Amino acid sequence: QVQLVESGGGLVQPGGSLRLSCAASGFIFSNYAMSWYHQPPGKERELVARIPTSGALEYGDSVKGRFTISRDNAENTVFLQMNSLKPEETAVYYCNAQLIWKSYWGQGIQVTVSS
């Protein structure tokens with residue numbers, strides 16, 4: 001049974017930091033590209049960052065230089081370090097695993113950036 005479980009969300013002040021984690025199980029983690037998406041209220045889900053099995057990392061334009069995606073294949077976990085957070089980044093953050101046509105999603109975790 002495939003599971004992606006996000007953790008680390010919550011309330012943070014503008015300019016603050018959070019580190020999200022996504023623990024994966026039920027598939028061969030190292031074979032999958034892993035991504036973080038977010039969905040702000042009333043908006044569509046969009047890519048935040050992607051880490052392939054090898055090769056270049058990919059970031060959304062608005063988070064470049066502030067967010068860092070990483071993965072630990074031994075622990076089947078992907079991380080998203082978010083620094084200098086902005087109020088407009090208040091959203092539900094989702095973890096995604098993809099291998100060609102296979103795509104799995106986590107249940108999402110709330111991140112609220114507010115003073």
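The values are calculated or read from the model by the stated rules, or taken from the named source; none is laboratory data. These figures come from a predicted structure and were not determined experimentally. Surface accessibility is based on the protein's heavy atoms, side chains included, excluding ligands, DNA and RNA. Shrake-Rupley method; radii C 1.70, N 1.55, O 1.52, S 1.80 Å.
Grab every C-alpha pair in the chain, bin the distances at 10 angstrom width from 0 up to the longest one, and report whole percents.
Result returned by the calculation: 15, 50, 29, 6, 0.
Give the distance, in whole Å, between the Cα centre of segment 5-32 and the Cα centre of segment 55-115.
Between the Cα centre of segment 5-32 and that of segment 55-115, the gap is 7 Å.
Would you check the accessible area of residue 43, probe 1.4 Å, heavy atoms only, in square angstrom rounded to 10?
130
What's the carbon and sulfur percent of the chain's accessible surface, probe 1.4 angstrom, rounded to a whole number?
Taking all protein chains in place, the chain shows 48 percent carbon and sulfur surface.
Could you give the accessible area per residue of the chain, probe 1.4 Å, as a whole number in Å²?
So the chain comes to 53 Å² accessible per residue, rounded to a whole number.
Through the Karplus equation 6.51 cos²θ - 1.76 cosθ + 1.60, θ set to phi - 60°, convert the phi angles of segment 14-25 into ³J(HN,Hα) values in whole Hz; use x for Gly and Pro.
3J(HN,Hα) across segment 14-25, in whole Hz: x, x, x, 10, 9, 10, 8, 10, 9, 8, 10, 7.
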